[in-house]
Amino acid sequence: MTQAPIKPKRWLLAVDPRVYHWDTLFVKGKEMWRHAGNRPEAARQFKQVHRGDRALCYHGKPEHALYALAEVTRDPYPDPQYAESKKLVMDLRAIERLPRQVKLAELRDNRLLRKIKFLKNTRLTICPLTEEEYAEILRMAGIVASPGIPLP
């Protein structure tokens, strides 16, 4: 019996641009991402990520804005740099920079996004998004679905 394909999930990935800038991903095109941190909540979320999931890329200080879109190209796996630890990494592929960066204040002002955990705790490095939240954020960034063409 074949298993039904897993519906891709949507994520918000946050980094400090002074440590890792999302432009690095765009220069390389594809990269191992290891910036989720060591917090237990991040590890739990990381285990739910799968190949084909989409991520909105967020820069923390000083920008505090959503910057780009990326796709997970490989399920999370043990970090080869730290073979002894349980730390996971994932491979990401750059899709596109957002036509317009969406500032944290704009996200917080949008009533449709109030349930996003990241908006209550911006120290999170990985946060799940619903399809509705993802679509609304893309709309705010200037990406709108066309009939017959799904959102990226």
- Across the range 47-80, what is the total count of residues that are under 21 Å from GLU133 (Cβ atoms) and part of a strand (DSSP E or B)? 14
- Message: Checking the conditions here, which among LEU138, LEU112, LEU124 is touching a residue at least 12 places away in the same chain (Cβ under 8 Å) and under 11 Å from LEU12 (Cβ atoms)?
- Response: LEU124
- Message: For the range 10-46: of the residues being among the charged types (D, E, K, R) and outside any loop (DSSP other than H, G, I, E, B), which is modelled with the lowest pLDDT?
- Response: GLU41
- Does the range 79-102 contain at least one residue that is surrounded by fewer than 20 Cβ atoms within 10 Å (Cβ to Cβ), under 18 Å from ARG10 (Cα atoms) and among the hydroxyl-bearing types (Ser, Thr, Tyr)? no
- Task: Collect the residues in the range 109-130 that are surrounded by 14 or more Cβ atoms within 10 Å (Cβ to Cβ) and more than 16 Å from the chain's Cα centre (by Cα), keeping them in residue-number order.
- Result: ASN110, LEU112
- Item | Qualifying residues in the range 26-41 (those that are within 12 Å of the chain's Cα centre (by Cα) and surrounded by 16 or more Cβ atoms within 10 Å (Cβ to Cβ)) - the one farthest from GLU133 (Cα to Cα) | TRP33
- Task: Report, by residue number, each residue of the range 63-88 that is within 26 Å of LEU119 (Cβ to Cβ) and modelled with pLDDT of 90 or more.
- Result: GLU63, HIS64, ALA65, LEU66, TYR67, ALA68, LEU69, ALA70, GLU71, VAL72, PRO76
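Taking the conditions exactly as written (more than 13 Å from MET32 (Cβ to Cβ) and either in contact with a strand residue (DSSP E or B) (Cβ under 6 Å, 6 or more places away or on another chain) or surrounded by 15 or more Cβ atoms within 10 Å (Cβ to Cβ) (or both)), does ARG74 satisfy them or not?
Working: more than 13 Å from MET32 (Cβ to Cβ): no; either in contact with a strand residue (DSSP E or B) (Cβ under 6 Å, 6 or more places away or on another chain) or surrounded by 15 or more Cβ atoms within 10 Å (Cβ to Cβ) (or both): yes.
In short, no.
What about LYS7, is it in a loop (DSSP other than H, G, I, E, B), out of contact with any strand residue (DSSP E or B) (no Cβ under 8 Å at 6 or more places or on another chain), within 23 Å of THR130 (Cβ to Cβ) and not aromatic (Phe, Trp, Tyr)?
Taking the combined requirement at face value, the residue satisfies it.
Yes or no, residue by residue, for (1) within 16 Å of THR122 (Cα to Cα); (2) in contact with a strand residue (DSSP E or B) (Cβ under 8 Å, 6 or more places away or on another chain):
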residue	(1), (2)
ASN38	yes, no
ARG44	no, no
ASP53	no, yes
GLY60	yes, yes
- Query: Can you pull out the residues in the range 45-57 that are surrounded by 15 or more Cβ atoms within 10 Å (Cβ to Cβ), farther than 9 Å from TRP11 by Cα and in contact (Cβ under 8 Å) with a residue 60 or more places away in the chain?
  - Reply: GLN45, PHE46
- Considering only residues that are basic (Lys, Arg) and not in a loop (DSSP other than H, G, I, E, B), look in the range 81-103 and name the one that is nearest to ARG139 (Cα to Cα). ARG100
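The values are calculated or read from the model by the stated rules, or taken from the named source; none is laboratory data. Predicted, not measured: the structure shown is a model, and the values here were computed from it. Glycine also receives a Cβ, built like all others from the backbone with ideal geometry; neighbour counts cover every protein chain displayed.
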